[in-house]
Amino acid sequence: MARNMGHWAHFLFVRDLDLKQAPQNLVDLARTTAEAMGYELVGVQLISRGNYGKTLRVYIDHENGITVDDCASLSHQFSGVLDVEDPVKGNYELEVSSPGLDRPLFEMAHFERFIGQPVNIRMADMIEGRRKFEGVIQSAAENVVTIEVEDGSKIELPFDEIDMARLVPVFEKQAKR
């Protein structure tokens, strides 16, 4: 006997498993295209989705912020470059996005730029018995990122072993009226 289970909404929530930068040739192509259009290239990811193909995600920024039209313009321009250069084998989807409030950090220069800001970091391997760290960036030099964690201690994290890093958004509390 068949039962009517009704209609259920299906959602797929995908978390970035790895925020490591894409291969350098893709980063260089994206940087050249983005900078020619007046944007800052924040980072590029090439994410394999198993049987679902790949996603090429490009993060851009601008001093005046990023709009949907900015993303569409860069997507159109970069698609043409990708068609000519053909650096990604197989099927893939191109996504162009602003970095958002929880901005990903791909390079040592990003950590240097955001010293004093809170960050979530996931390491490739265990350090001091754990892989996940949340704290405030204290320094970024000589391939080491130092953060101050909640108890006030400082932890040095080798940049090359960072799997993923994102800023933690800070919202100012509104003054009571």
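Just so it is clear, none of the values below were taken in a lab; they were calculated from the coordinates. Source: prediction; values computed, not measured. We place every Cβ from the backbone using ideal geometry, glycine too, and count neighbours over all the protein chains shown.
See the values below:
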item: Lysine pair number, Cα distance threshold 25 Å (strictly under), the chain, separation 8 or more or different chains; result: 6
item: Taking 85, 95 and counting other C-beta atoms within 10 Å, the order from fewest to most; result: 85, 95
item: Binned Cα-Cα distance frequencies in the stretch 39-177 - 5 Å width, integer %; result: 2, 9, 16, 17, 16, 15, 12, 8, 4, 1, 0, 0
item: Surface/4 of the Cα convex hull for the stretch 27-117, nm²; result: 6.6
item: Relative contact order %, the stretch 108-167, counting alpha carbon pairs below 8 Å whose residues are six or more apart; result: 36
